[in-house]
Structures are given as C-alpha cells and as structure tokens.
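Take a look at the structure below.
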Amino acid sequence: MTKTQQKPKKKGYDFTEVEPRIMQFWEKEKIFKFNTTNTEKEIFSFDTPPPTISGRLHMGHVFGDAQQDFIARYKRMKGFNVLNPFGTDNNGLPTLKLVEKEKKVNSKDMTREEFIELCQKTIKEEFIPQFLNDAKRLGISADWDIFYSTIDRRSRRISQKSFIDLYKMGREYRTECPSLWCTKCQTTIAQVELEDVDKNTIFNDIVFKIGNQDLIISTTRPELLPACVCVFVNKSDKRYKDIIGKKAKVPLFDFEVPILTDEKANPEKGSGAVMCCTFGDQTDMEWQKAHNLPIKEAISINGRMSSLSGKYENMKPEEARKEIIKDLKENNLLKNQKPLKHAVNVHERCGTPIEFIHSKQWFIKYLNIKEDMLKWGDKLNWYPKHMKNRYDNWVNGLAWDWCISRQIPFGIPFPVWYCKKCDEVIVAKEKDLPVDPLVDKPPVDKCPNCNSTEFIPEKDIINTWATSSLTPTIVKELFKGKPCYNELINNPMSLRPQGHDIISFWLFNTVVKSKLHFNMLPWNDCFINGWMLDPKGKKMSKSKGNIIEPQGMIDKYSADSLRFMAAGCKLGDDLAFQEKDLVTGHKFCNKLWNASKFVFMNLEDYKKTEKEEQTLHKKPDLSLMDKWLLSKLNRTIKISTEAYEEHNFMRNKMDTEKFFWQSFCDNYLEIVKHKLYNAEAKEKESAQYCLSYSLLTVLKLMAPVMPHITEEIYQSYFAKNEQLKSIHLSPWPKFDKKLIDEDIEKTGDLIINIISEVRKFKSQNQLSLKEELSLLEIKADKELQEKLKPALEDLKNTLKLKEIKFSDKGTIDLGELKISIKK
C-alpha cells in the first residue's frame, strides 16, 4: 500500500500535507493523460484559454480555470477520453511590457533579435514554471505533457500560414488609412482593443471667421485645430444656408477651410456647425473619405503635437489643449465653455486615449460577412444562453475591418517583403515557415512585377489575437501523425471555456478564423464564466489595491476550499469574494474527513461482493430509513448528472452538499449508530451497505469540485475495492430509478421531523441528547401509522425513548401528524 493509499489518520484533515502529495501522485501516475491511440473512447476536447503570462496565477484565473476543470473531471468520469491541454499566451505587447519592467530594459534600445531572445528566456525560465506550479496546486486536471506557447516555433508557423492562406483568399489587404493608435504603447490597435471610459472634459465654443462674420464651432478637442480640413453643417439647418460653399478661417492658425453640408452634422448638437479634423474620430474619417478631403496630422505617432501645430509643436495633446484655450481667450476667440462628461475610447491595455494616425497597415476583411457571422453564432451552444447577446452586439456594432498590424519588436513577424521599387508584396513559401523577414531572405531573387532585385522586409508583427484565435488548430496540430489526429482535425472541439470579457476578442475571432480556413465551427459549446470580484463587488486590479492573492488563500484554507467557492455561483455570473465561503469549504472538508473515518471504522467487518452490491437494495432487509436515504441519494445523482450535462456545476455542488450535511450526517448517521453497535447481523449489514454506497457516491459527486480530499479518502478504502487507480478515473454514479420511492421519502421525512422536534424539546428543557424520555405519543390516521411502524424502533434508539405509542393526543403539529413528548 503506497503512502497515497494509507487510511486516514486519527488526527484532523491536514490539507497542507495531503494536497501537495495528491498533486504529485496525479502527475507521477499520469492520471489526466490524453490517450492518443485509443480510438474507441469518444473524445471530449477543450480549447483551453492560454493565460497571458504576466506573473503568478491570479483570482481571475482561479475562478475560470476551476469552473472549467469541474467539467473536465466530470467528463473523464463519464468515460470520455478527455483532451485538456495547457498553453500560455506569451506573445505580443503584454509580454513585452512584462519583460521591460522585470528586466529594466527598453525594447527600443535593443535589436529585435536580442529582445526576442531575452523575452523567450525570461518567460521560459522565470515565469512559466511558477505559473504551471500554481495551476497544478489549484488542482487543474490538464495533461501537462500537452503544452504549447503562442510564440513557439509551431505556433509561429501556424500563424504565418494563416496569414498567407487568408492573403491568397483575398481576405487580407494592406492599405494606407487612418488607424487606431496608442501613443503610449506606440502601436496600432484593433476595434476590439478599445474600451469606453467616461471622462470629464470641457465643451468649448470657438470662433471661426467668415470675413467679419463669426461662426461658432463647439468642440472638446481644440488641439486638433491645426488639422482642420473642413466645416460641416446640415443643409436643413436654416441658420447656415447663406454660408454653404464659403470658406471659414481657422482661429489662431489663419488658414481657410471650405464649408460643406453633410447629414451627419447634427443641428441639435452644440452650434450645429462642426469642424472636421484628420482625424478626431470615426466620423472625421468617414467625412474625409466621402468628400475626398486632404489629410493633415496634428498629432504624431509619438503622441506629441506635429510641426503643423506651430508653437505648440512637441507638446502633449493635453498640454497643447490648455495652451490653445488660453490663447483663444486672449484673442477673444472663445465665447463659452461648459463642463461635459462623455465616453472616451482608450486602449484597454494601458488606459491611454487613442488617436487616429494615417499609416500603412494590414487588415483582415470581414465587414462584408457580418450576416454570416451572426448565423455562425446561432449554431453554437451557448452556456449560459444570454452570453450570445454579447457576440451578436459585437458583430452588429463592427465598423472596421480587423487591423492586425502591430508596431512592436516582440511577436510573430509578418512573412512578407516588399519590392523597394514598386511595393509588390512578396510572401514566404509555406515550406520555409516560420520566417523572420528581418533575418531571412525573400523566396524570390527578383520582383515578379518589375524585376527589381531590392526588397524591404516587413518590420511589423502580427497582432497576438490573430494567433490566439488559432488555438484549436495549434492544439490539433500537436497530434499530427497520431491515431487521434484525423478525428481531431476533421471535427470541432467539444468546448471553449473563457471569460465573458473576451467574447469579442478571442471567441469571435476564433469563430471567424475557423470558418474562413476550414468552413467549420471551432467547437460545439461556448462555456462562458464570470469574474471574481473583490468583497465589495468591484473588479480586482493592482491600481485599486484590492487584489486578493489565491496562493495565500490556498495556504490558509486549501485548494479544495477555493474551488468550493468557485462552484458557488451559476456559470456566467460574477462572484464577490467572501472569505466566509472559504471557511464553509474548509468545514465541509473536515466534516467529510470525519464522517469518512466514522464510516470506515464501522466497515471493518463488512464483507460484500459485487453481486451483493448490485442486488442488496432489492432485498426486504433494507430498513425504511435505509430506503429513504438511498431514494434521496439517487434523486441527488439524477439532478447532479442532468445539471452537469448543462454545465451547471453549482446545482451539483449545492444538492450534494445538502444531501451530505442534512440527510447523511445530521440524520442517517445518528439513526444507524445503534444498528452498527448493537443490531443483529442483517440489520448491521444493510446499514453498512448504505454507508459504503452513500459515502462513495458523495465522494464521486464532489470529486470534480474538491478533487484532493475525495482522492485521499477514495485511496484509503474504495480504490482497492474498485481496483481503480484514481477516483477521477472511476465511473460517475449511475442513477437507479428503482431506488426512487416518493412514499418512502415522505414517510422518512416525517420521521426526521419527529427526531428534530424531540431534539428541540430536549434542548429547550436543558436535557442531554442522551437523556432517556419516558414517552412519545403520535397522533396519526391508520394508514400513516402503518407507514411509520417500520421506523419506530429506529426512533426509540435514536431518541432514547422508553416507549412510543399511537394515541389521540398530540400537542405539537407536524402537518400530517401530531406528537406529544413526556420526560
């Protein structure tokens, strides 16, 4: 018998010793290994979210990863060949920022090759090992041999192949146009990376001149005046009918711009006249394109005012705004100001307000397939269903094609060179992938368009989400050449677990890529978890100082208790962290441990065969309360199984917890003690059977949520009997309809109510529960009396009663019956 299989010790449950040992046992024995050669078992595959490596596992990871793991463990016990890989997303801007911070370097001061080498070394040696250890300590049942990184050689090849394939389909294009730009991160970003933040600002009424006539323009961004290219009014606005076609002079900068009409100019907003600057927002972009206006940039890519700004050049936009407003006031060109709170687009990574910069970028064209995108979403199974609304809202709100260019040194390079003479695009050959154009030569010696022999390598890298959206392919390609490969590559994966905050990032783009490349949905089910919030219901963040480290909670209460808390809400709901929930989980562990010790102590002389286990419940020597327990237990099995099939782990945890505490511990264990200690062999055997069957079932029902303690208890007794290596490889409890008996449950509940009232009576009269009472009288009709009679002996022994009799007396009303109690 190994150390893992030892019986529970007499001391209390020591999770600090048990959990690390069980973790090592799982890893050593490869309990969660995906079988690549077994083609008989149905595969259940997870497209697991590769977490961004930015330090240690945080509460957000714990919450989502634990809920995902409940399903993985359940499916494994249901007989599936579970593919549960583990990957890390250490590609792109988050990794760049992390390495710069940790190593105190600036990527701009290093060659790209040097910085990439530093990133990969730092992440591999310093961050991934700790992150993996945290995930293992939480009890995540991944196959740790199936590991990938979104920047490893295989992922780079797959990402670059995706780019080339989409380019050949005509789905990718490179163009010079206004792009969303983060001045802090110094890169373009996509629409999906925007976040709306309410900011306080000032609405300024500024004077433009039409000869001697004043034209009031209302704006929150006077720093864009040097980039003004037009003034728009609505042709229905009678106030301005006489100035349409004329020119207005831009204040402080003394150049003139045309006054044109457009339906988007709102007569009700501000003065009704609006300046168009290139570019202040998306409307400016639409106006510039529709009216073929010139392009002028007031803000450079470094986030400072350009040379167009005159004396404001090199100022930050906020500084220039203050100085321009000051100068407008001094020149009597500012008529009015009023405070305004409005939504500002910021980069979700750093919170910096975005600008629009005119530059060449690569895009994936998909605005023309929005209707198809909605149909694709309809074909997915959404858990919970309402999360599909977020997908639909995102698709309906799409206003841009997907910009996938990023101007940072770390990431997957575009496999592209350009002809220096004619700008012809030269893409790498698939056999050469992955490539780095800054290091590798193009696949041709001369341009196929103009015969030039000079080429310019693309310096930009592919947006990390364009690679992360390929995780189903990245995982499947790990098994190329294995017997399971054909089944994996030709079918959607089973389930995508992820947070609700990245539906528009990861889920949406994965659906798009899968449909464009393979004309296949990436998975069948979308499993969308909520957030773990702080105790006040606020989002946790380092800047707010409300971060709760999961490692400390595991050390204090156990990983199982933390998982227990994560199972305490419905899928998709946010959960405010409450330490009392961990206390509840810890108490459950201790109660399960102590109840198991009691059961095993009373099973030492219990001999059973598989045949007896299968047929004992059909024999008449099961008592009424035995049947009551088994009926309630099988009802719990049915509810839990049905709930798990809908990914409703909360219902399983809630109903099993209730059965264990109330039916099993508080009542049945007390009722059967006299049988275990004093009863005849047959009565004792039926009680032992119920104890063994019920405890094993409870362990299995709770195994997905609390895997360590259930494994430890299982190994101490049941593993030998079932001849299985782990509880997590044992079969999920089967619902037995024959054991459900509503009449028995109803009668048994009445017995429990009687027990409860007698205990209450003793407590109110300051009597010990062991104190003997002289008489319990029960007032009930003849039919009910017959139903109760089989349990009267259990009542006498449990409650220490000298006599129980049926009579016409009853002072305590219990619904269908009344009772009287005498000391």
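Structure notes:
- Descending Cα extents along the principal axes, the range 665-823, whole Å: 57, 34, 32
- Dipole orientation for the range 678-728: of the candidates Leu699, His728, Tyr714, His728 has the Cα lying most toward the positive pole (charges on Cβ; Lys, Arg +1; Asp, Glu -1).
- Only one residue of Leu750, Asn393, Val512 has its Cα farthest out toward the positive end of the dipole of the chain, where Lys and Arg carry +1 and Asp and Glu -1 on Cβ, and that residue is Leu750.
- Sorted from longest to shortest, the spans of the Cα atoms of the range 675-738 along the three principal axes equal 37, 29, 21 Å.
- Amide H contacts of Ile462 (H built 1.01 Å from N, under 5 Å, at least 5 apart or other chain): Ile412, Phe414
- The chain, relative contact order [Cα under 8 Å, separation at least 6], %: 15
- Here the chain is treated as an ellipsoid with the same Cα gyration tensor; its semi-axes, largest first and in whole Å, are 67, 33, 22.
- Over the range 360-437, the Kirkwood radius and the radius of gyration, each from Cα atoms, give a ratio Rg/Rh of 1.13.
- Between the range 302-375 and the range 466-505, the Cα center-to-center distance that results, in Å: 38
- At R0 = 51 Å, FRET efficiency that the Cβ-Cβ distance of Lys459 and Glu646 yields, to 0.05: 0.55
- The accessible surface of the chain, taken with every protein chain in place and a 1.4 Å probe, is 46 percent carbon and sulfur.
- If you model the range 314-444 as an ellipsoid using its alpha carbon gyration tensor, with each semi-axis the square root of five times an eigenvalue, the axes come out at 39, 30, 14 Å, biggest first.
- Remark on the range 474-515: hydrodynamic radius 11.8 angstrom, per the Kirkwood mean of 1/r across alpha carbon pairs.
- Peptide ranges 447-454, 462-469 listed from the most packed, as the mean C-beta count within 10 angstrom indicates: 462-469, 447-454
- Remark: the chain carries a charge dipole of roughly 860 debye about the Cα centre, counting +1 on each Lys and Arg Cβ and -1 on each Asp and Glu Cβ.
- Taking every Cα-Cα distance in the range 47-158 and sorting them into 5 Å bins starting at zero, the pair-distance distribution P(r) comes out as 2, 11, 21, 22, 17, 13, 8, 4, 2, 1, 0 percent.
- Of all DSSP beta bridges in the chain, antiparallel share, percent nearest 5: 70
- Nitroxide proxy distance, nm - points 7 Å out along Cα→Cβ at Lys822 and Thr201: 8.7
- Convex hull volume per residue in cubic angstrom - Cα atoms of the range 209-346: 119
- Whole-percent pair-distance distribution, where bins are 10 Å wide, for the alpha carbons of the range 689-775: 14, 30, 20, 26, 10, 0
The values are calculated or read from the model by the stated rules, or taken from the named source; none is laboratory data. As the structure is a computational prediction, the values presented were derived from the model and not from experiment. Every residue, glycine among them, receives a Cβ derived from its backbone with ideal geometry; neighbour counts consider all protein chains shown. Ligands, DNA and RNA are stripped out before the accessible areas are found, and what is left, the full protein with its side chains, is counted by its heavy atoms. Shrake-Rupley method; radii C 1.70, N 1.55, O 1.52, S 1.80 Å.
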